[in-house]
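Participant: Provided herewith is a single structure, encoded as structure tokens, for subsequent inquiry.
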Amino acid sequence: MTKPGDELLFLALGGSGEIGMNVNLYGCQGKWVMVDLGLTFSDPGYPGVDLILPDLSFIEKRRDDLLGIVLTHGHEDHIGAIPYLAADLGVPLYATPFTASLIRGKLEEEGLVGKVKLNIIDNEGSLALGPFAFRYVPLAHSIPEGNALIIETPYGNIFHTGDWKLDDRPLLGVPSTPEQLTAIGDEGVLALVCDSTNVFNPESSGSEGDVHAGLLDVISGAKNRVLVTTFASNAARLQTLGQVANETGRALCVAGRSLDRIIMHAKAAGYLKDFPKLIDFDEAMTMPRNKVLIIATGGQGEARAALARVAGNSHQIKLEEGDLVVFSSKQIPGNEIAIGKIQNALAAKRVDMTTDRQAHVHVSGHPGRPELVAMYGWIRPKVLVPVHGELRHMAEQARLGLESGIADAVFQNNGDLVRLAPGKPKIIGHETTGRLILDGDVILPADGATMNERRKIAAHGQISVAVALGRQGNPIGRPEIRLQGVPVEEEREAFLAEAVDAVLEAVNNGPADIEKLREKLRLAVRRVATRWTGKKPIVDVLLIQQ
């Protein structure tokens, strides 16, 4: 498939079959538009890597037909890949003011201001790109200016929800009312492309206003220092915590660069107007323990975030026995072990902890089943396309949509090319998708040679062998062998002696061809390592010949 024809296509390059890294393409009449360009965070399967990016090779080959990138909101899994990938695509970006402010900060950090065109669209504003017209529709979420998109096409309207929930007391922003959403449905909606994250939650996610009462109750009952960890981007939660600090007579301190950044951008966009004046770490540590409230990053167990450093005694903020840490966030699947390590470190300090299991200190930013069913009733799409979820989430939302009366549901995954119109929606092909890693300052394939080598080293260790050879191929001096990560400790000298003997024997009885000799030495040393350890380490051989 080279160009979309007289049809309406949908293709997810990320965010379908996974939570995070959202990248969605719509194609029509030879042109493409992209909605969101996000990243996801690494896991132990990518040693040494923090960020994972989407593989955009499909659209990079068709960049001349790409008209622009429209952003729904400012979470990292929707905008985080922009500073690494947008410049190569060479198309303009479109975002509402707060989201644009976050993006501009990212572009400034990477020296890309002027190289990527960023267009600011008013809240509830609109734009046109080729055969597509976009309208921003405000929905509640855990960050200011969460938006759905109405995408008008020659084949009908698409309602692309982005991340959303229902909240009658959202604290920041004014989401669309049921009446406004019903009016959108009255216009006619071909397809609802919808967030699946919380489809298994039998209850509505709840209001941010309700969290205020829960946090106030927990913090007002604390006798000592209180630290609350939450998602840095949850500006509504920051607003709540600012109010609680005032109501409990506590000074407010913030620990974490991403929190500093969100507060700065939120204030610049007109949010957090009554946020208390912040104190620094030194002042926080000199105040009476019952007069300080700290907000810190790291509630998902991130090793370098503020909470991990506090738990590990490597931060200026100190916690003592009787202090309280409140986890005002949901535990993201996959982070259980990392979070558990931090909680164990806090428990060792005799620090008290409260999570959303003990008190009402968090609400999700994604819709539960009642909210999904309500949206189906207001929008009344002909087709449901679940996105933003693992396969089990999307399959369940497809089932829920059909059960709720939607005529068609398309269960798709990253790379599935979906024809939405004309005719019955169906998957018509599969395009290549994948992951890239940001390794230091270099972008590489997630399963390329570098990462595969690093996984092998992590699993088995590495041995370096250096051998000097005379003109006749005889060994000169003693071979040098160095180990990294090979599990021989108390008996290391004995192991090295046997490995050296294996090298000398291989040299003395080896072939004259230097490359064949190198391979013989590699195998000889690895056999010794396997016999000693059961491991098969990477063995590198350096031959120096006079």
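Participant: Working from the pairwise distances between different alpha carbons, so that the mean of 1/r is found and then inverted, what is the chain's Kirkwood radius in Å?
Facilitator: Computed over the chain, the radius equals 26.2 Å.
Participant: Could you pull out every residue, at least 5 positions away or on a different chain, whose amide H is within less than 5 Å of the one on L384? Hs are placed 1.01 Å off N in the peptide plane, and Pro or chain starts have none.
Facilitator: Counting only residues 5 or more places away or on other chains, the set is L192, D408, A409, V410.
Participant: Provide the per residue accessible area, probe 1.4 Å, for region 11-110, rounded to a whole number of square angstrom.
Facilitator: It amounts to 27 Å² per residue over region 11-110.
Participant: Roughly speaking, to the nearest percent, how much of region 2-55's 1.4 Å accessible area is carbon and sulfur? Present the calculation step by step, with values, prior to reporting the outcome.
Facilitator: Numbers: 740 of 1420 Å².
That fraction is 52 percent.
Participant: Rank these residues by their accessible area, most exposed first, probe 1.4 Å: M285, M451.
Facilitator: Solvent-accessible surface, decreasing: M285, M451.
Participant: Let me ask something else about it. Measure nothing but the geometry: give the 0 to 90° angle between the long axis through the Cα atoms of 257-268 and the longest principal axis through the Cα atoms of the chain, rounded to 10°.
Facilitator: That works out to roughly 30 degrees.
Participant: Considering every Cα-Cα pair within region 320-465, what fraction, in whole percent, is farther apart than 28 Å? Write down the numbers at each step before the final one.
Facilitator: Values: 5617 of 10585 pairs.
Of the Cα pairs, 53 percent sit more than 28 Å apart.
Participant: Okay, next question. Leaving out ligands, DNA and RNA, what percent of the accessible area of region 439-527 is carbon and sulfur, probe 1.4 Å?
Facilitator: Values: 2600 of 5400 Å².
Taking all protein chains in place, region 439-527 shows 48 percent carbon and sulfur surface.
Participant: Follow-up question, since we're still on this one. Expressed as a whole percentage, what fraction of the accessible surface of region 107-231 belongs to carbon and sulfur atoms when a 1.4 Å probe is rolled over the protein heavy atoms? Please list the in-between numbers first.
Facilitator: Working: 2420 of 4960 Å².
Taking all protein chains in place, region 107-231 shows 49 percent carbon and sulfur surface.
Participant: Taking the highest mean first, how do the peptides 389-400, 529-540, 31-42 order by number of other beta carbon atoms within 10 angstrom per residue? Numbers along the way, then the final one.
Facilitator: Values: 389-400: 19.3, 529-540: 16.2, 31-42: 23.8.
Sorting 389-400, 529-540, 31-42 by mean packing, highest first, produces 31-42, 389-400, 529-540.
Participant: Where does the charge balance sit around G322 when Lys and Arg score +1, Asp and Glu -1, over other residues with C-beta under 15 Å from its C-beta? Intermediate results must be reported in sequence, preceding the final value.
Facilitator: Details: positive: K223, R225, R289, K291, K318, K349, R350; negative: E320, E321, D323, D352.
Charge balance near G322 sits at +3.
Participant: Given a Förster radius of 25 Å and the C-beta distance between K536 and A468 as r, what FRET efficiency does 1/(1 + (r/R0)^6) yield to the nearest 0.05?
Facilitator: 0.40
Participant: Of the listed peptides 10-18, 104-112, 132-140, what is their order by residue-averaged count of other C-beta atoms within 10 Å, with the highest listed first? Numbers along the way, then the final one.
Facilitator: Values: 10-18: 25.3, 104-112: 15.2, 132-140: 21.8.
Per-residue Cβ counts within 10 Å, averaged per peptide and sorted highest first, yield 10-18, 132-140, 104-112.
Participant: How much length is gained if the chain between N246 and K277 is pulled fully straight, taking 0.36 nm per residue apart and subtracting their Cα-Cα distance, in nm to one decimal? Display every interim value, and only then the final one.
Facilitator: Values: separation 31, 0.36 × 31 = 11.16 nm, distance 1.03 nm.
Length difference between fully extended and current span is 10.1 nm.
Participant: Further, regarding this structure: Along Cα→Cβ, 7 Å out, is where each label goes; now give me the distance between the ones at L523 and K223 in nm to one decimal.
Facilitator: The two pseudo-label positions are separated by 7.2 nm.
Participant: Return the lysines within reach of K520: Cα separation strictly under 26 angstrom, same-chain partners fewer than 8 residues apart disregarded; answer none if there are no such residues.
Facilitator: Within the straight-line cut-off, K520 pairs with K456, K535, K536.
Participant: Relative to the present Cα-Cα distance, how much length would full extension add between Q358 and K516 at 0.36 nm per residue of separation?
Facilitator: Fully extending the segment from Q358 to K516 adds 50.4 nm.
Participant: Sum up the lysine pairs in region 56-183 that clear both bars: alpha-carbon distance under 24 Å and a spacing of 8 or more or different chains. If you can, show how the numbers build up before the last one.
Facilitator: Working: K61/K115; K61/K117; K106/K115; K106/K117.
So the count of such lysine pairs works out to 4.
Participant: Also, I was wondering about something else. With the cut-off at 1.5 for a/c, could you classify region 260-354 from its C-alpha gyration tensor as rounded, prolate or oblate?
Facilitator: It is oblate, given that a/c is not under 1.5 and a/b is not larger than b/c.
Participant: Accessible area of V174, 1.4 Å probe, to the nearest 10 Å²?
Facilitator: 120
Participant: Then there's this: Grab the Cα-Cα distance for E108 and N509, subtract it from 0.36 nm times how many residues apart they are, and report the gain in nm with one decimal.
Facilitator: 138.2 nm
Participant: Return, ordered by residue number, the residues of region 253-273 whose backbone nitrogen is under 16 Å from a label point located 7 Å along Cα→Cβ of R304.
Facilitator: The answer is 256-259.
Participant: Per-residue counts of other Cβ atoms within 10 Å, averaged by peptide: what ranking do you get for 374-383, 312-321, highest first?
Facilitator: Details: 374-383: 20.1, 312-321: 13.7.
Per-residue Cβ counts within 10 Å, averaged per peptide and sorted highest first, yield 374-383, 312-321.
Participant: Another question, if that's okay. Taking the Cα centre of each part, how many Å lie between region 342-389 and region 125-155?
Facilitator: So the separation of the two Cα centres works out to 24 Å.
Participant: I need the calculated FRET efficiency for the pair D6 and L444, taking r as the beta carbon distance and R₀ as 25 Å, to the nearest 0.05. Show your work: numbers first, answer last.
Facilitator: Values: r = 39 Å, r/R0 = 1.55.
Once rounded, the FRET efficiency stands at 0.05.
Participant: Relative to the first principal axis of the alpha-carbon coordinates of the chain, what is the inclination of helix 178-187, with its axis defined by its Cα atoms, in degrees from 0 to 90 and to the nearest 10?
Facilitator: 90
Participant: Using a simple spin-label model with points 7 Å from Cα along the Cα→Cβ vector, what separation in nm is obtained for A183 and Q29?
Facilitator: Going from the A183 label point to the Q29 one covers 2.7 nm.
Participant: Might you tell me the accessible area per residue for region 272-419, computed with a 1.4 Å probe and given in Å²? Before the final figure, lay out each step's value.
Facilitator: Values: 6710 Å² over 148 residues.
It amounts to 45 Å² per residue over region 272-419.
Participant: Once you've got the Cα coordinates, tell me which of K223/K291; K382/K424; K382/K426; K223/K330; K223/K273 are over 19 Å apart.
Facilitator: Working: K223/K291 9 Å; K382/K424 10 Å; K382/K426 13 Å; K223/K330 25 Å; K223/K273 29 Å.
Over 19 Å Cα-Cα: K223/K330; K223/K273.
Participant: In addition: Given the Cα atoms of region 452-515, and with Rh set as the inverse mean 1/r over their pairs in the Kirkwood sense, what is Rg to Rh to two decimals?
Facilitator: That ratio is 1.04, to two decimals.
Participant: Follow-up question, since we're still on this one. Over all alpha-carbon pairs of region 231-271, lay out the pair-distance distribution in 5 Å bins, whole %, shortest bin first.
Facilitator: 6, 23, 32, 25, 13, 2
Participant: What FRET efficiency comes out for N452 versus L127 if R0 is 41 angstrom and r is the Cβ-Cβ distance? Round to the nearest 0.05.
Facilitator: 0.45
Participant: Between helix 514-533 and the chain, what is the angle of the helix's C-alpha long axis to the longest principal axis, kept within 0 to 90° and rounded to the nearest 10?
Facilitator: Taking Cα atoms only, the helix is inclined about 80 degrees.
Participant: Quick one: net charge around I184, please, counting Lys, Arg +1 and Asp, Glu -1 for every other residue with C-beta under 13 Å from its C-beta.
Facilitator: -3
Participant: Would you give the gap between the C-alpha center of region 225-260 and the C-alpha center of region 168-210, rounded to a whole Å?
Facilitator: Cα centres, region 225-260 to region 168-210: 26 Å.
The values are calculated or read from the model by the stated rules, or taken from the named source; none is laboratory data. Only a predicted model underlies this, so the values are computations on that prediction, with no experimental measurement involved. Glycine gets a Cβ as well: all are built from the backbone with ideal geometry, and neighbour counts include every protein chain shown. Only protein heavy atoms, including side chains, enter the accessible area calculation; ligands, DNA and RNA are left aside. Shrake-Rupley method; radii C 1.70, N 1.55, O 1.52, S 1.80 Å.
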